[in-house]
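Here's the structure we're looking at; comments come further down.
The values are calculated or read from the model by the stated rules, or taken from the named source; none is laboratory data. The model shown is predicted, which means the values in this text are computed figures rather than measured ones. Don't worry about glycine lacking a Cβ; one is built from the backbone with ideal geometry, like all the others, and counts go over all protein chains shown. Just so you know, the surface numbers come from the protein's heavy atoms only, side chains and all, with ligands and any DNA or RNA stripped out. Shrake-Rupley method; radii C 1.70, N 1.55, O 1.52, S 1.80 Å.
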Amino acid sequence: RSGLAEIEVWTPAGEVVRPPVRSPSNLALNLTTAAYPRMTASFPEGADVAVLQDGQYGLTTYQSNRWIARDSPNEEDWIQVDFEAPTVVREAEVYLWGNAPRYLAQVDSTITDPEALGIQTLVGGEWMDVAGLSAFPDKPTAMARNIMQFDAVETMSLRVLFNRAEGAGIGATEIILR
């Protein structure tokens, strides 16, 4: 057996460690296979993308819990999140999976960093880019957490866009919305 039994926090004299005001939530998390929040993908058609909202996002060479769009005919693929009620979203964390030069073993040379990531929201039946989008890192990076922050939107549906490199596939292990 293993595990963490205790954590001690040492601070300079007089400083108080306060617990967080609230736990960060993941608006896309769906552990019970409830109808909402629901994820769908542009490719492959009918893909089971529930793996992107199950709270498991290990970035390892043996990670099988992932979505991959290989041989897509689209220049841009997307993952769509539908909510049961209007929901305010201001941040997306995308855990990209794929080949990364910093790993000792090659993961899959056909799955690479996307050229760009984007966020769209459904407004009056049309997909619109969100305002104020900033990303870290600046260029999407496989086998890493990619954070996108944007002006808060109240929406029923949101898309994460993946602009893939020509001839390459894309992959992800989790999408977290806050």
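With unit charges on the beta carbon (Lys/Arg positive, Asp/Glu negative), name the residue among Val153, Ala85, Leu96 whose Cα is farthest towards the positive pole of the charge dipole of segment 36-178. Checking the options against the dipole of segment 36-178, the answer is Leu96. Diffusion coefficient (Stokes-Einstein, Kirkwood radius over C-alpha pairs, 10 °C, 1.306 mPa s) for the chain: 91 µm²/s, rounded to a whole number.
Divided by 2.2 N^0.38 Å, where N counts the residues, the Cα radius of gyration of segment 42-88 comes to 1.36. Of the heavy-atom accessible surface of the chain (probe 1.4 angstrom), what whole percent is carbon and sulfur? Roughly 51 percent, rounded to a whole number.
Around the Cα centre of the chain, unit charges on the Cβ atoms of Lys, Arg, Asp and Glu (plus for the first two, minus for the last two) sum to a dipole of about 520 debye.
Here the contact order of the chain, divided by its residue count and restricted to Cα pairs under 8 Å and six or more residues apart, works out to 30 percent. In the context of the full set of protein chains, residues of the chain present 60 Å² of accessible surface per residue (probe radius 1.4 Å, heavy atoms only).
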